[in-house]
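Reviewing the structure listed below.
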Amino acid sequence: MNKYMRKGVIVVILLVMILSGGYVLVKMLMGQKSSNTQNENADQNSGADAISNTQSSNSVGNLQDATMSDEVKEIVEKAAYTNKISILNNEFSPAVIRIKVGGEVFWTNYDDNAHQVVADDDSFKTVLLGKGGDSSVSFVDKGVFTYHCSEVPGMSGTIIVE
């Protein structure tokens, strides 16, 4: 094997290693979609319930509070730092996000049917969003905010404001 072929082989091996490592990292960060979406939705909803229950039982001023259950800590750690939520297939994606105080969250509806985002505590509500419609809400206080779609029962999400 000449030196150019060896260099080519090394480059190919390095590229494969980088791409596969990147793929694994993306999968870890984004989470894998389960083929059983009902179980996934149940897991997401139970996580949102756990966060919501923590909010009502203690003042969620510090999200790293030692009184949080391990389940809630895991949900908080896995929540994506993003301010964009897609509405598709009657789901909010991602279902749990984290933003900084003063941040704004944007919802965009990609479904054919209309959706309206409503805070569980009625602290915010978007307009009814038709296909392609979008809306945003700003968050000025720390806390955990759970919300749902007024049009689709069981469709819910959580925003963690740090």
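No value in this document is a laboratory result; all are computed from the given coordinates. This structure is a prediction, so every number in the text was calculated from the model and none was measured. Using ideal geometry, Cβ is built from the backbone for each residue, glycine included, and neighbour counts are taken over all protein chains shown.
What list do you get for Tyr110, Tyr147, Tyr81 if you sort them by fewest beta carbons within 10 Å?
The order, fewest Cβ neighbours first, is Tyr81, Tyr110, Tyr147.
Please order Thr126, Thr82 by the number of other Cβ within 10 Å, starting at the fewest.
Thr82, Thr126
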